[in-house]
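Asks: Before we start, here is the structure in question, set down as structure tokens.
The values are calculated or read from the model by the stated rules, or taken from the named source; none is laboratory data. These numbers come from a predicted model, not from an experiment. Note that each Cβ is placed from the backbone with ideal geometry, even for glycine, and that neighbours are counted across all protein chains shown.
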Amino acid sequence: MLEMKSKCETCEASLPMDSGDAMICSYECTFCARCANDTLKDICPNCQGELVRRPIRPSR
Ligand SMILES: [Zn+2]
Ligand SMILES: [Zn+2]
């Protein structure tokens, strides 16, 4: 199962599991949409992988 990190690795913004603003790479590095789009240009700085929107896991 995908580990769900709850914080952006760059700015530490809170990214709850049901947030639509979380972006991940295939190694599960996790970033907020703002960092991913503006700062990182959709490329993971750790592994150079593509960042895609993390699927929402409903809290209920
Ligand atoms: Zn961020
Ligand atoms: Zn990565």
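Asks: Residues of the stretch 33-51 being more than 13 Å from ligand 2 (Cβ to nearest atom) and hydrophobic (A, V, I, L, M, F, W, C), which ones?
Replies: Applying the first criterion (more than 13 Å from ligand 2 (Cβ to nearest atom)) to the stretch 33-51 yields 33-34, 37-39, 41.
A33, the sole residue that qualifies.
Asks: Same structure, new question: Return yes or no: is T39 surrounded by 14 or more Cβ atoms within 10 Å (Cβ to Cβ) and among the polar types (S, T, N, Q)? It would help to see each step written out before you state the result.
Replies: Details: surrounded by 14 or more Cβ atoms within 10 Å (Cβ to Cβ): no; among the polar types (S, T, N, Q): yes.
Considered against the rule, which asks whether it is surrounded by 14 or more Cβ atoms within 10 Å (Cβ to Cβ) and among the polar types (S, T, N, Q), T39 comes out as no.
Asks: Can you pull out every residue in the stretch 16-29 that is within 13 Å of ligand 1 (Cβ to nearest atom) and either of a type in the set (F, W, Y) or out of contact with any helix residue (DSSP H, G or I) (no Cβ under 6 Å at 6 or more places or on another chain) (or both)?
Replies: Residues satisfying the conditions are S19, A22, I24, C29.
Asks: Among the residues of the stretch 1-20, are any buried (at least 16 other Cβ atoms within 10 Å of the Cβ), in a strand (DSSP E or B) and either away from ligand 2 (no atom under 13 Å from the Cβ) or at positive phi (or both)?
Replies: For the stretch 1-20, residues buried (at least 16 other Cβ atoms within 10 Å of the Cβ), in a strand (DSSP E or B) and either away from ligand 2 (no atom under 13 Å from the Cβ) or at positive phi (or both): absent.
Asks: S59 is checked against (1) hydroxyl-bearing (S, T, Y); (2) more than 10 Å from ligand 2 (Cβ to nearest atom); (3) surrounded by 12 or more Cβ atoms within 10 Å (Cβ to Cβ) and fails just one. What number does that condition carry?
Replies: For S59, the exception is condition (3).
Let's see how each residue does on (1) out of contact with any Asp or Glu (no Cβ under 7 Å at 6 or more places or on another chain); (2) away from ligand 1 (no atom under 13 Å from the Cβ); (3) modelled with pLDDT of 95 or more:
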site	(1), (2), (3)
S14	yes, no, yes
F31	no, no, yes
R34	yes, no, yes
D38	yes, no, yes
G49	yes, yes, yes
P58	no, yes, no
